Amino acid sequence: MTHDAVDAIISQWRDERPDLDDLLPMEVFGRVYRVAAAIGDRMERAYQRLGIGRGEFDVLATLRRSGEPFNLSPKQLSDTLMLTTGGMTGRLDKLEKAGLITRTSDPSDRRSLRAQLTPAGRDLVDEAVTAGLAVQREALGKIDPTDARRLADLLRDLAGAVDR
């Protein structure tokens, strides 16, 4: 078994605070944070090559996943992405200026607008999701597929436990 930076941190805590009996949570979350940061950085670089950042990708991907006609209200986007309406407005402005979305009147409330993916936006997000998945697939390719499936299941259980 190879040792990593988290092992070094745990060893230092054991030396400095032997009274801390169970450091397993620190090991688990330390590794989760490090993996998330490393993969997040790699995915950000993949998106940047396509001219968008992670925030813009998140909006485009949310619209794409919503299905035809790929349109949602800014409130629906904000709720899904856990973003303030002000932050959402900035992202939508940028995406509209780039021709990746349009804003259309909401047929059920003419005072409201909806963000809709343009064909160019759909093409870009399809390319971006493929690029991001390649980054993730490459990282997971370093571990056994059965272990990767087990890891996904364990992380689902953990996410469910902390989301309560």
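Would you work out what percent of the accessible area of the stretch 1-130, with all protein chains in place, is carbon or sulfur (probe 1.4 Å)?
Solvent-exposed carbon and sulfur of the stretch 1-130 make up 54 percent of the total.
Using only DSSP helix segments of four residues or longer, with each worth -39500 (n - 2.57), what per-residue ellipticity at 222 nm results for the chain after dividing by its residue count and rounding to 500?
Details: 7 runs with 110 residues, N = 164.
Per the formula, -22000 deg cm²/dmol.
Determine the principal axes of the Cα atoms in the stretch 8-87, then give the extent along each, sorted from largest to smallest and rounded to whole angstroms.
Computed over the stretch 8-87, the largest-to-smallest principal extents equal 58, 28, 24 Å.
Beyond 29 Å, what share of the Cα-Cα pairs of the chain remains, rounded to the nearest whole percent?
38
What is the spread of the Cα atoms of the stretch 50-131 along each of their three principal axes, largest first, in whole Å?
For the stretch 50-131, the Cα extents along the three principal axes come out at 37, 24, 21 Å.
Summing +1 for each Lys or Arg and -1 for each Asp or Glu, what net charge is found among the other residues whose Cβ lies under 15 Å from the Cβ of P69?
+3
Under a Cβ-only charge scheme (Lys and Arg +1, Asp and Glu -1), can you give me the dipole magnitude of the stretch 52-110 about the Cα centre, in debye to the nearest 20?
120
What are the residues whose amide H is under 5 Å from the amide H of L113, where those residues sit 5 or more places off or on another chain and H is modelled from the backbone?
D106
Relative to the present Cα-Cα distance, how much length would full extension add between Q76 and A139 at 0.36 nm per residue of separation?
Extra length available between Q76 and A139 comes to 19.5 nm.
In degrees from 0 to 90, rounded to the nearest 10, what is the angle of the helix 85-97 Cα long axis to the longest principal axis of the chain?
60
Placing +1 on the Cβ of each Lys and Arg and -1 on the Cβ of each Asp and Glu in the chain, which of A46, P18, A36 has its Cα farthest towards the positive end of the resulting dipole?
A46
Measure nothing fancy, just the Cα-based angle from helix 24-48's long axis to the longest principal axis of the chain, in degrees from 0 to 90, nearest 10.
Around 40 degrees separate the two axes.
Can you compute the charge dipole magnitude of the stretch 61-164 about its Cα centre, using +1 on each Lys and Arg Cβ and -1 on each Asp and Glu Cβ, nothing else charged? Give it in debye, rounded to the nearest 20.
In debye, rounded to 20, the stretch 61-164 gives about 300.
Pick from D19, D106, D144: which is most flexible by mean-square fluctuation in a GNM of the chain where alpha carbon atoms under 10 Å apart are linked?
Per the Cα network of the chain with a 10 Å cutoff, D19 tops the list.
Remind me, relative contact order of the stretch 15-164 in percent, using alpha carbon pairs under 8 angstrom and six or more residues apart?
On the way: 114 pairs, mean separation 34.1, N = 150.
Taking the mean separation of contacting Cα pairs over the length of the stretch 15-164, I get 23 percent.
Under a 1.4 Å probe, what is the accessible area of the chain per residue, stated in Å²?
Working: 11170 Å² over 164 residues.
Here the per-residue accessible area is 68 Å².
The values are calculated or read from the model by the stated rules, or taken from the named source; none is laboratory data. If you're wondering where the values come from, they're calculated on a predicted model, not measured in any experiment. Heads up, the Cβs are rebuilt from the backbone with ideal geometry, glycines too, and the neighbour counts pull from every protein chain shown. Remember, those area values only see protein heavy atoms, side chains included, never the ligands or the DNA or RNA. Shrake-Rupley method; radii C 1.70, N 1.55, O 1.52, S 1.80 Å.
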